[in-house]
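Student: This is the structure, below, for whatever I ask next.
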Amino acid sequence: MSGIVKDALWPTRKRLTAGPLMPWFDFHENVRQKLVAYPDAGSVPDADATIATGWSTAKPVSELPASKGRPFYLIQHYEIWAGKKEDVDASWLLPLKKIVIAQWLIDVGHEIGATDMTHIPNGLDFSAFKLTKPVEGRKMTIVTLNHHEPFKGVPVAIEVLKNYHEIHPEVPIKMFGTMPKGSEIPDWIEYYQNPEQKVLVEDIYNGNSVYLGASRQEGWGLPPAEAMACGCTFVGTDIGGFREFAIDGENALLNPVDDVGGMVSSLRALTQDDQLRCRLATAAERSIRQFTWDRAGSAFLACLD
């Protein structure tokens, strides 16, 4: 079968095997989705701007004719976990206006030699992710995310929770994720598989008091930010993606990457000092509200002009 025929049939095969392109997001009725095998001049419509959203599409976007609009590159992570480092680095050096979601990505860009970068932090939908249960009335409970990517640090989080559970077996611990609960997750951890947003907001974020994030790296870190907006105290790792919104001792407790003992100590401190938990959670809920979609959207549109 020729490459042309394969490219023509690929979108249909992809839809049949993968289902909806982005089932987790409700697009505005005026937004049209088009799945193509390769973003070239024949598949990309004329536009005011074309935006690459991953390292693998940055080069094709940089090669589009002027009729496709100004080329941009939205950088949401240092994607060496998804491609070879030399290929990812090369994408940052392309003649594209780069929009990055975190300051640590600006720093990475400078190390690579990238230019023309603008920092626009993520936003949250505060009509959905909001406080519905008072912080003060919550009992000590812990929730964390399950994820397959190694940089998420899930094995470390499980080790932290095992150590903590030995000391405080009375404290309920929960976990959620898109994948089924695996054998590596202890039976005493209650598990939510692929929860709907209502369950995520009400039962998982507002239904618990502490969110644990043991990531080794994050682009920005949406789940802990969402949890903070819903009244959870955040215990996490001291990484660039979390430092965008979390400040150790002010609205969170941060520890070095892979520091199991440090994270256990942070969880124990919140267990033993409810005033500390409430103070951090209240400060977190207030501070995270600066990251609105209106703010992010306005900055993004200004960058496109």
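The values are calculated or read from the model by the stated rules, or taken from the named source; none is laboratory data. All of these numbers come straight from a predicted model, not from anything done at the bench. All Cβ positions, glycine included, derive from the backbone under ideal geometry; neighbour counts span all protein chains shown. Side chains are part of the model used for accessible areas, which takes the heavy atoms of the whole protein and leaves out ligands, DNA and RNA. Shrake-Rupley method; radii C 1.70, N 1.55, O 1.52, S 1.80 Å.
Student: With the requirement that a residue be in contact with a strand residue (DSSP E or B) (Cβ under 7 Å, 6 or more places away or on another chain) and open to solvent by 30 Å² or more (accessible area, probe 1.4 Å), what does the range 227-255 give you? Lay out the reasoning, then the answer.
Tutor: We begin by selecting, within the range 227-255, every residue in contact with a strand residue (DSSP E or B) (Cβ under 7 Å, 6 or more places away or on another chain); these are 227-229, 232-238, 242, 246, 248, 252-255.
Residues satisfying the conditions are 238, 248.
Student: Touching a residue at least 60 places away in the same chain (Cβ under 8 Å), open to solvent by 30 Å² or more (accessible area, probe 1.4 Å) and either closer than 15 Å to residue 121 by Cβ or not acidic (Asp, Glu) (or both): is that true of residue 84 in this structure? Before the answer, list the steps.
Tutor: On the way: touching a residue at least 60 places away in the same chain (Cβ under 8 Å): no; open to solvent by 30 Å² or more (accessible area, probe 1.4 Å): yes; either closer than 15 Å to residue 121 by Cβ or not acidic (Asp, Glu) (or both): yes.
No; evaluated as a whole, the condition is false for this residue.
Student: Given the options 133, 174, 181, name the one that is part of a loop (DSSP other than H, G, I, E, B), within 22 Å of the chain's Cα centre (by Cα) and of a type in the set (Lys, Arg). Lay out the reasoning, then the answer.
Tutor: Values: 133 fails: within 22 Å of the chain's Cα centre (by Cα); 174 fails: part of a loop (DSSP other than H, G, I, E, B).
One residue alone meets the criteria, 181.
Student: Going through the range 47-102 one residue at a time, which ones are in contact with a Pro (Cβ under 8 Å, 6 or more places away or on another chain) and more than 29 Å from residue 292 (Cα to Cα)?
Tutor: 60, 62, 64, 68, 95
Student: Sticking with this one: Look at the range 135-162 and say how many of its residues are touching a residue at least 40 places away in the same chain (Cβ under 8 Å) and over 15 Å from residue 185 (Cβ atoms).
Tutor: Let us first name the residues in the range 135-162 that are touching a residue at least 40 places away in the same chain (Cβ under 8 Å), namely 135-136, 138-146, 149-154, 156-157, 159-161.
Cutting the leftovers down to over 15 Å from residue 185 (Cβ atoms) gives us 135-136, 138-141, 149-151.
Residues flagged as touching a residue at least 40 places away in the same chain (Cβ under 8 Å) and over 15 Å from residue 185 (Cβ atoms) within the range 135-162 amount to 9.
Student: From 75, 51, which residue is among the hydrophobic types (A, V, I, L, M, F, W, C), open to solvent by 40 Å² or more (accessible area, probe 1.4 Å) and more than 30 Å from residue 260 (Cβ to Cβ)?
Tutor: Checking each option against the conditions leaves just 51.
Student: A further question on this structure: Within the range 117-130, how many residues turn out to be in a loop (DSSP other than H, G, I, E, B) and touching a residue at least 12 places away in the same chain (Cβ under 8 Å)? Don't jump to the end; show me each part of the working.
Tutor: Pass one, the range 117-130, residues in a loop (DSSP other than H, G, I, E, B): 120-123, 125-130.
Then drop every residue that is not touching a residue at least 12 places away in the same chain (Cβ under 8 Å), which leaves 120-123, 125-126, 128-130.
Number satisfying all stated conditions: 9.
Student: Answer yes if at least one residue in the range 93-101 is over 21 Å from residue 69 (Cα atoms) and in contact (Cβ under 8 Å) with a residue 24 or more places away in the chain, and no otherwise. Show your work before the answer.
Tutor: Within the range 93-101, the subset over 21 Å from residue 69 (Cα atoms) is 101.
Subsequent filtering for residues that are in contact (Cβ under 8 Å) with a residue 24 or more places away in the chain retains 101.
Yes - at least one qualifying residue is present in the range 93-101.
Student: Now, a different point. Give me the helices (runs of 4 or more DSSP H) completely within the range 206-305, filtered to those with at least 2 residues that are over 24 Å from residue 77 (Cα atoms), ordered by residue number.
Tutor: Numbers: elements: 222-229, 240-243, 260-272, 274-287, 293-304.
In the range 206-305, 260-272, 274-287 are the helices (runs of 4 or more DSSP H) which contain 2 or more residues that are over 24 Å from residue 77 (Cα atoms).
Student: Under 6 Å between Cβ atoms, which residue pairs at least 6 apart in sequence (or on different chains) link something in the range 105-116 that is on the phi < 0 side of the Ramachandran plot with a partner that is β-branched (Val, Ile, Thr)?
Tutor: 105/75; 106/100
Student: Output the number of residues of the range 184-205 satisfying the condition of being farther than 13 Å from residue 154 by Cβ, open to solvent by 80 Å² or more (accessible area, probe 1.4 Å) and not in a helix (DSSP H, G or I).
Tutor: The number of residues fulfilling the criteria is 6.
Student: Just checking, how many residues over the range 156-203 are acidic (Asp, Glu), more than 18 Å from residue 141 (Cα to Cα) and touching a helix residue (DSSP H, G or I) at 6+ places or on another chain (Cβ under 9 Å)?
Tutor: Taking the range 156-203 and keeping what is acidic (Asp, Glu), we get 159, 166, 170, 184, 187, 190, 196, 202-203.
Checking which are more than 18 Å from residue 141 (Cα to Cα) leaves us with 184, 196.
Cutting the leftovers down to touching a helix residue (DSSP H, G or I) at 6+ places or on another chain (Cβ under 9 Å) gives us 184.
Number of matching residues: 1.
Student: Okay, moving on. Restricting the search to the range 136-150, which residues are under 17 Å from the mean Cα position of the chain (by Cα) and buried (at least 18 other Cβ atoms within 10 Å of the Cβ)? Step through it out loud before you land on a result.
Tutor: Let us first name the residues in the range 136-150 that are under 17 Å from the mean Cα position of the chain (by Cα), namely 143-150.
Those that are under 17 Å from the mean Cα position of the chain (by Cα) and buried (at least 18 other Cβ atoms within 10 Å of the Cβ): 143, 144, 145, 146.
Student: Then there's this: Limited to the range 277-288, what total is found for residues that are open to solvent by 10 Å² or more (accessible area, probe 1.4 Å) and within 15 Å of residue 224 (Cβ to Cβ)?
Tutor: If we filter the range 277-288 for residues that are open to solvent by 10 Å² or more (accessible area, probe 1.4 Å), which is where we start, we get 278-279, 282-283, 285-287.
Remaining after also requiring within 15 Å of residue 224 (Cβ to Cβ): 283, 285, 287.
Counting residues in the range 277-288 that are open to solvent by 10 Å² or more (accessible area, probe 1.4 Å) and within 15 Å of residue 224 (Cβ to Cβ) gives 3.
Student: For the range 87-125, enumerate the residues that are within 13 Å of residue 303 (Cβ to Cβ), open to solvent by 20 Å² or more (accessible area, probe 1.4 Å) and β-branched (Val, Ile, Thr).
Tutor: Hit for the range 87-125 is 118, nothing else.
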